[in-house]
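Take a look at the structure below.
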Amino acid sequence: MNKYRATHRLLRQTSRSLFCSDSSSRNPIDGYSCPRFSDTAKQRQNLEHQTRCFRTGARGGGIGRIQARDFGSGSAAASSSSTVRRNPSFATLNSDDVAYFKQVLGEKNVVQDEDRLESANVDWQHKYKGSSRLLLLPRSTEEVSKVLQYCNSRRLAVVPQGGNTGLVGGSVPVFDEVIINMSSMNNIISFDKVSGILVCEAGCILENLILFLDDQGFIMPLDLGAKGSCQIGGNVSTNAGGLRLVRYGSLHGNVLGLEAVLANGNVLDMLGTLRKDNTGYDLKHLFIGSEGSLGIVTKVSVLTPPKLSSVNIAFLACEDYLSCQKLLSEAKTKLGEILSAFEFLDGQAMNLVLNHVEGVRNPLPSSMHNFYVLIETTGSDESSDKEKLEAFLIRSMESSLISDGVLAQDINQASSFWRIRESAPEALARAGAVYKYDLSLPVEKMYNLVEEMRVKLGQSAYVVAYGHLGDGNLHLNISAPQYDDEILAQIEPYVYEWTSQHRGSISAEHGLGLMKANKILYSKSPETVQVMASIKKLLDPNGILNPYKVLPHSLTSES
């Protein structure tokens, strides 16, 4: 205890001399002063920035025999060997179908307007485009049930759609599937302040739920960069991970129950609100992460933790990846239960954000660094939590794990730090074409893949890495002036093979969608995939729910 007090005293008394190379310096973000950790490394030149213009790739369309194309992992061009063919057993929409949907949903909720269909047919990255001629907007579980019952009887394929923020082509049609958009089902049904259990409809936007819970003194266990657009039903259907999984775990643990509509219109009421329920098979887990291929999620119940009063955020610099690893290990040990986020981005990612996202400033402007880490702690004792974090940072500085750093002094600075990390996808989209890979890997091996890809690609592309280091999730991004089959051939299947050899997952949190449906065997055994196909056949015998996604096309092309 005496040693701790002495260390804390040292921190308070010498913070300027220890942490500031210039005691009069102020952090440029929002004009607020922050404690700084001294940069003992030599000044480096800014990473070379290659100017790229954003280009929308070619996209498949129409409803012919060979229409939609497998865009690889971000490429709008694809090899003919990966072409997807429309399932000939599916019916084609006709006027009688439209008349029935109008009878069930009302005229204004059956959309045939070309402009609205255009936006619903394409993903936000403009990589995947379908040719659906109908967008349906159900307002209740009963309406979803009637729509699916009809579509199943007619063998009309459907694609469930939420905020359409996915990265793997899972939420847009491949051909002419009917789009069932859940945005009109956006009601909060109930919230229990004693248990913290929220029950809501699938179309609720994540950020709206976050704001609602904030007013109640609680938080969502899930937080994403796309929270302003994504919907909770889509989050559950893709088992979205997000920024705070290291603290609160995955949706498999936070979702207590759900309601789902099967392909034949049957409603599965699994909307439990119990923490403990051991009666039979826990079927809700089949629908969490199934990407709408087994049923459409219409309601969810989520266990939400109370909002804690003490939140601290540090933005740090490390000179090598080994230091990032050691810093993570030390954070888990020394910060323990208050550690709520541990994010990283490399120098290349930081450079892109600074150059392509308006209003973002470097919290550590004296020089560029090889790696950056964002640490968040959340607890109930502000004084104790801050002391613990500051003591941890002092030790990390003394052991050379970090070379520079800054602590947020208010909510504006905290938001500006988070914006850097959350803006990486936006920066990549602005920089040009991008091949995106969402991988789970052993933390100690994670950055080896990044370095190998840089050697493999040389000057032909710009390799960028960031992600959730706290839970071993790497977002590997390969940026190029434009999509190029030669670049794609150098990336794939190498990335998938490397991940498989290191017993990783080719999809950490984004799902498989269309992009990785045929790649699932890199992460799952043939026997496991066959069982998945059997479950799909049992729950959706006609294969109408989000076809061509999740499972290999060879297993699902014919009903």
Worksheet item: Which pairs do you get when a residue that is more than 16 Å from Lys299 (Cα to Cα), found in segment 188-213, comes within reach of a residue that is open to solvent by less than 10 Å² (accessible area, probe 1.4 Å), reach meaning Cβ atoms under 6 angstrom, with the pair 6+ apart or on two chains?
Response: Gly196/Thr304; Leu213/Thr304
Practice prompt. Please specify each residue of segment 93-147 satisfying the condition of being under 19 Å from Gly163 (Cβ atoms) and aromatic (Phe, Trp, Tyr).
Written response: Trp124, Tyr128
Worksheet item: Taking segment 519-551, which residues are hydrophobic (A, V, I, L, M, F, W, C) and free of Cβ contacts under 8 Å to residues at least 12 places away in the same chain?
Response: Val531, Leu538
Worksheet item: For segment 207-217, does any single residue satisfy the condition of being in contact with a strand residue (DSSP E or B) (Cβ under 9 Å, 6 or more places away or on another chain) and within 23 Å of Gly511 (Cβ to Cβ)?
Response: yes
Discussion item. Conditions first: (1) within 20 Å of Ile506 (Cβ to Cβ); (2) touching a strand residue (DSSP E or B) at 6+ places or on another chain (Cβ under 6 Å). Asn448 passes all but one, so which condition is the exception?
Written reply: (2)
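It is to be established whether one or more residues within segment 154-168 are within 23 Å of the chain's Cα centre (by Cα), among the hydrophobic types (A, V, I, L, M, F, W, C) and over 20 Å from Ser89 (Cα atoms). I'd like the intermediate steps shown before the answer.
Let us first name the residues in segment 154-168 that are within 23 Å of the chain's Cα centre (by Cα), namely 159-168.
Still in the running and among the hydrophobic types (A, V, I, L, M, F, W, C): 159, 167-168.
Narrowing the set further to residues that are over 20 Å from Ser89 (Cα atoms) leaves 167-168.
Yes, because at least one residue in segment 154-168 is within 23 Å of the chain's Cα centre (by Cα), among the hydrophobic types (A, V, I, L, M, F, W, C) and over 20 Å from Ser89 (Cα atoms).
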Practice prompt. Would you be able to tell me the number of residues in segment 145-167 that are out of contact with any Cys (no Cβ under 8 Å at 6 or more places or on another chain), within 24 Å of Leu512 (Cα to Cα) and aliphatic (A, V, I, L, M)?
Written response: 4
Worksheet entry | Search result, residues across segment 527-559 that are in a helix (DSSP H, G or I), open to solvent by 60 Å² or more (accessible area, probe 1.4 Å) and modelled with pLDDT under 95 | Ser554, Leu555
Worksheet item: Given (1) in contact with a helix residue (DSSP H, G or I) (Cβ under 7 Å, 6 or more places away or on another chain); (2) part of a helix (DSSP H, G or I); (3) open to solvent by less than 30 Å² (accessible area, probe 1.4 Å); (4) under 30 Å from Gly217 (Cβ atoms), where does Leu389 come up short, assuming only one miss?
Response: (1)
Item to complete: Could you pull out the residue among Glu319, Glu291, Glu330, Glu337 that is within 29 Å of Ala157 (Cβ to Cβ) and in contact (Cβ under 8 Å) with a residue 24 or more places away in the chain?
Response: Glu291
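So, in segment 136-159, how many residues would count as being assigned to a helix (DSSP H, G or I) and of a type in the set (A, V, I, L, M, F, W, C)? Steps first, please.
Just the residues of segment 136-159 that are assigned to a helix (DSSP H, G or I), to begin with: 141-154.
Then drop every residue that is not of a type in the set (A, V, I, L, M, F, W, C), which leaves 144, 147-148, 151.
Looking only at that region, the number is 4.
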Worksheet, complete the sentence: If you go through Met397, Met446, the only one that is closer than 23 Å to Pro363 by Cβ and open to solvent by less than 60 Å² (accessible area, probe 1.4 Å) is Met397
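Specify which of the listed residues (Gly504, Gly472, Gly467) is free of Cβ contacts under 8 Å to residues at least 40 places away in the same chain and in contact with a strand residue (DSSP E or B) (Cβ under 7 Å, 6 or more places away or on another chain).
Values: Gly504 fails: free of Cβ contacts under 8 Å to residues at least 40 places away in the same chain; Gly467 fails: free of Cβ contacts under 8 Å to residues at least 40 places away in the same chain.
Only one candidate passes the filter, namely Gly472.
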Item to complete: Kindly list, by first and then second residue, each pair from a residue in segment 266-280 that is without any contact (Cβ under 8 Å) to a residue 12 or more places away in the chain to a residue that is open to solvent by less than 70 Å² (accessible area, probe 1.4 Å), limited to pairs with Cβ atoms under 6 Å and residues at least 6 apart or on different chains.
Response: Asp269/Glu259
Discussion item. So if I check each of Ser400, Ser416, Ser396, which one is among the small types (Gly, Ala, Ser), assigned to a loop (DSSP other than H, G, I, E, B) and touching a residue at least 12 places away in the same chain (Cβ under 8 Å)?
Written reply: Ser400
Discussion item. Checking the conditions here, which among Leu198, Leu245 is over 29 Å from Val147 (Cα atoms) and of a type in the set (A, V, I, L, M, F, W, C)?
Written reply: Leu245
Fill in: All positions within segment 518-559 that are under 18 Å from Phe287 (Cβ atoms) and small (Gly, Ala, Ser)
Ala533, Ser534, Gly543
Fill in: Hits in segment 424-443 (condition: surrounded by fewer than 22 Cβ atoms within 10 Å (Cβ to Cβ) and within 25 Å of Ser367 (Cβ to Cβ))
Glu426, Arg430
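The values are calculated or read from the model by the stated rules, or taken from the named source; none is laboratory data. No experiment lies behind these values; they were computed from the predicted model shown. No Cβ is skipped: glycine too gets one built from the backbone with ideal geometry, and neighbour counts run over all protein chains shown. Only protein heavy atoms, including side chains, enter the accessible area calculation; ligands, DNA and RNA are left aside. Shrake-Rupley method; radii C 1.70, N 1.55, O 1.52, S 1.80 Å.
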